[in-house]
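See structure below.
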Amino acid sequence: MSEEKVINAAEQMEDSTSKVDLDELMRKYDTEARFRALTGWQGKLVAIIAIAMSCFHFYTSGFGLLLAQKQGAVHLAFTLVLVYLLYPASSKQSKTKGIPFYDFILAVLGAASALYLVVFFNDLVTRAGLPTTTDLVMGFILIVTLLEATRRISNPILPCIAIVSLLYCYFGRSMPSVIAHRGFNVARIVNHMYLGTEGIFGTPLEVSSTFVFMFILFGSVLEKTGLGKFIIDLSLSLAGWSTGGPAKVAVVSSGLMGTVSGSSVANVCTTGMFTIPLMKSVGYEPHFAGAVEAVASTGGQIMPPVMGAAAFIMAQILGVPYIQVAIAAVVPALLYYFAVLVQVHFEACRLGLKGIPWSQLPPIWPLLRSKGFLLIPLIAIIYFLLAGYTPLKAAFNGILISFALSWLNKETRLTLPRTLEAFQSGARGAIGVACACATVGIVVGMGTLTGLALRIAGAIVSMAKVGPESGLALAFSSVVSMLPGIEMAAEAAAASLTKIFTLFFTMIASLILGMGLPTTANFIVTSTMAAPALFLLGVPPTAAYMFVFYFGIAADLTPPVALAAYAGSGIAGSDPMKTGVTAFKLALAGFLVPYIYVYSPMLLFIDVVPLEMVQAICTALIGVFLLAMFTIGYFRAPMAFWLRLVALIGALSLMVPGTVSDIVGLGVLVGIFLLQTAKAKLSKKAAA
């Protein structure tokens, strides 16, 4: 088989990095992979519970959901049971076999406190606002078991933030005047977090128990059909032959896998075990190979049609159909991946790397004839979303189509054992998101109970504010007033600077939170606490939420806690920090694109003017092209440092909306093209 030839080509330069223990790597960088290895009756028990959880969600999505609070309660009950049975209290015990008795007790307590809402729902509604002692005790148990479960499957940071939020609710009167409030007693706090719809059982958990779970299940079903292997083969056929082909294969395959994966680290470990050794085999340096895979895998969360779990929550918060969020993400995602592709191409040209010979690549037409139908479920999802179906119904139909189509090929058939494995892995893949959504609900509940969210938004704007009374504004205005021929209103300039600083502070907050929180939790916190600051400055809600969404994801590539990059370095056998820094450089476009669509919302299909949008997209693409020259330092020939800085100026000019800035950027591009073409010709003559 031609596929075997490709694998053999990679194995020719295989070293110890290709013998990486995937399970160990996942455990090191992905907390959700640190589960117990259960066998015997305990393993069967966990499998049955996980399959039952998937069956419950599959049935309710197709034949009618329960009331939102009931649906979330059942979802959370399943989640807590699975977390306590699968995840030990200490990571050092992650490989131990057997579940201690106290984890069974905690699992029962967590499930009982969640299901209490289902069993006594009518009574609770009747006495809304007047909780009994039993209500409060069950609420307290749920909060405690939830925080511990989240600590086990995630890390201590998110539970600590939730605990601080609860303490803030109670000790509000003792806080500094800027953030002080009247304070609430324990009964009021528990009632708000447990029995209300703005705490644990708020929008995040509602979305997790419906859309998110079904799309994770959809991804698990597709994985069992062999879609991942098919995507890698297809990427090899499409891009493997080109200059530096293996790196482009990594970008394309990881981007496609990311649309159904949603986890940066898991995506790196899945596709990276093949693509990273392949990149190294043709001459890419180990740290660069690991960084490319990390950047490509992380970008999967912003790639429509599925994207990451936070995208569904964004749609719910905005009150718009999910397809609107997916459409808004199209242009930014294309800019992101275009930037990565151009950079790996320039790096290949700089190193003189070639692609894989045609004879060693899977032939595309036989591949499409034999397994091309595996792409139909993804196409169907897009159709259903565009046709007005809810994401829930679209995912349900997508799973049914996957089942039916899998029987067209013996290798892809979803037999009963494969189906049960898909349902089990789907449930296990969803519990981390469920814990994060439920726990971050406590943080959101704190914001609504105390009004802190609006205060934080005001504080961010105040920090960034450049008004007439600020020293920076006075200095800026004084300088401007001394420049003859320049007409610029000081107030307009101050407003512009305020907006830039607010965006910058919001970016920093998103990156810092993203270093310790899962993407979904990070988005919910920043969308609640930081995004309102952007609203105050007139940024459209979609652009504001997409801004914090992007930077929450970018945290996986930002040292010192760049988990996706470190996972890539583990496979590549490279220095983790060097790989992280390289990943940051490769993802630089991802750090600039959010600023572009905040200033040019048309890129998110907001208030579209066709000609202006075409101009904005074209100039943004050229700007990304220049940015790639800056990061790699190559275009037709090696670039001097000063010329790289000129390329950066040109890139920023093209990314800023405006005809004058576009002309400046295009002038820079033409100048660099002429200089580098002449330099390349001289180099060839000298070599001859």
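All conditions in (1) surrounded by fewer than 24 Cβ atoms within 10 Å (Cβ to Cβ); (2) outside any helix (DSSP H, G or I); (3) not small (G, A, S) hold for M307, with the sole exception of (1). Against the list (1) closer than 21 Å to A565 by Cα; (2) among the hydrophobic types (A, V, I, L, M, F, W, C); (3) in a helix (DSSP H, G or I), the condition V331 fails is (1).
Scan segment 96-153 for residues that are assigned to a loop (DSSP other than H, G, I, E, B), of a type in the set (K, R) and either under 29 Å from L517 (Cα atoms) or in contact (Cβ under 8 Å) with a residue 24 or more places away in the chain (or both) and jot them down. Correct list: K97 only. For segment 226-244, filtered to residues that are part of a helix (DSSP H, G or I) and polar (S, T, N, Q), the residue that is nearest to I381 (Cα to Cα) is S235. On the stretch given as segment 529-555, residues that are more than 18 Å from M314 (Cβ to Cβ) and touching a residue at least 24 places away in the same chain (Cβ under 8 Å) total 2. Candidates are the residues of segment 321-351 that are of a type in the set (V, I, T) and more than 15 Å from the chain's Cα centre (by Cα); the one that is nearest to K393 (Cα to Cα) is I323. Among the residues of segment 185-225, those identified as surrounded by fewer than 18 Cβ atoms within 10 Å (Cβ to Cβ) and in a loop (DSSP other than H, G, I, E, B) are N185, T197, E198.
Residue check: is T450 in contact with a Cys (Cβ under 8 Å, 6 or more places away or on another chain) and at pLDDT below 90? Yes.
Annotation note: of I356, I364, I401, I376, the sole residue that is closer than 30 Å to G244 by Cα, without any contact (Cβ under 8 Å) to a residue 60 or more places away in the chain and in contact with a helix residue (DSSP H, G or I) (Cβ under 7 Å, 6 or more places away or on another chain) is I376. Among the listed residues L256, L318, which satisfies the condition of being surrounded by fewer than 24 Cβ atoms within 10 Å (Cβ to Cβ), closer than 28 Å to M602 by Cα and under 17 Å from the mean Cα position of the chain (by Cα)? Testing whether each residue is surrounded by fewer than 24 Cβ atoms within 10 Å (Cβ to Cβ), closer than 28 Å to M602 by Cα and under 17 Å from the mean Cα position of the chain (by Cα) leaves just L256. Exactly one residue out of L517, L511 is in contact (Cβ under 8 Å) with a residue 12 or more places away in the chain and not in a helix (DSSP H, G or I): that is L517. Residue count for segment 395-439, restricted to those that are under 15 Å from F213 (Cβ atoms) and among the hydrophobic types (A, V, I, L, M, F, W, C): 14. The condition (being closer than 24 Å to F551 by Cβ and either of a type outside the set (A, V, I, L, M, F, W, C) or modelled with pLDDT of 85 or more (or both)) is satisfied by just one residue among A328, A289, A348, A310: A328. If you go through segment 63-75 and pick out every residue that is assigned to a helix (DSSP H, G or I) and crowded, with 16+ Cβ neighbours inside 10 Å, you end up with 8. Of the set (1) assigned to a helix (DSSP H, G or I); (2) more than 20 Å from F346 (Cα to Cα), all apply to L643 but (2). Could you list all residues from segment 520-561 that are part of a loop (DSSP other than H, G, I, E, B) and either of a type in the set (S, T, Y) or in contact with a Ser or Thr (Cβ under 7 Å, 6 or more places away or on another chain) (or both)? Matches in segment 520-561: A530, L537, T558. Of all residue pairs spaced 6 or more apart or on separate chains, those with beta-carbon atoms under 8 Å, a first member in segment 229-246 that is more than 13 Å from L368 (Cβ to Cβ) and modelled with pLDDT under 80 and a second member that is among the acidic types (D, E) and in a helix (DSSP H, G or I) are G244/E347. From the list A678, A589, the one residue that fits, being of a type outside the set (D, E), modelled with pLDDT of 90 or more and assigned to a helix (DSSP H, G or I), is A678.
Cβ separations smaller than 8 Å between residues 6+ apart or across chains give no pair from segment 609-626 residues that are more than 21 Å from A587 (Cβ to Cβ) to residues that are loosely packed, with under 13 Cβ neighbours inside 10 Å and of a type in the set (F, W, Y). Of all residues in segment 279-304, which are in a loop (DSSP other than H, G, I, E, B) and within 12 Å of the chain's Cα centre (by Cα)? M303, P304, listed by residue number.
Inspect all residues belonging to segment 650-665 and state whether any of them is surrounded by fewer than 22 Cβ atoms within 10 Å (Cβ to Cβ), in contact with a strand residue (DSSP E or B) (Cβ under 9 Å, 6 or more places away or on another chain) and not aliphatic (A, V, I, L, M). No, segment 650-665 contains no residue that is surrounded by fewer than 22 Cβ atoms within 10 Å (Cβ to Cβ), in contact with a strand residue (DSSP E or B) (Cβ under 9 Å, 6 or more places away or on another chain) and not aliphatic (A, V, I, L, M).
The combined condition, being closer than 21 Å to A311 by Cβ and small (G, A, S), is not fulfilled by A567.
The values are calculated or read from the model by the stated rules, or taken from the named source; none is laboratory data. All figures in this text were calculated on a predicted structure; none of them were measured in a lab. When we count neighbours, we look across all protein chains shown, and the Cβ atoms used for this are built from the backbone with ideal geometry, even at glycine.
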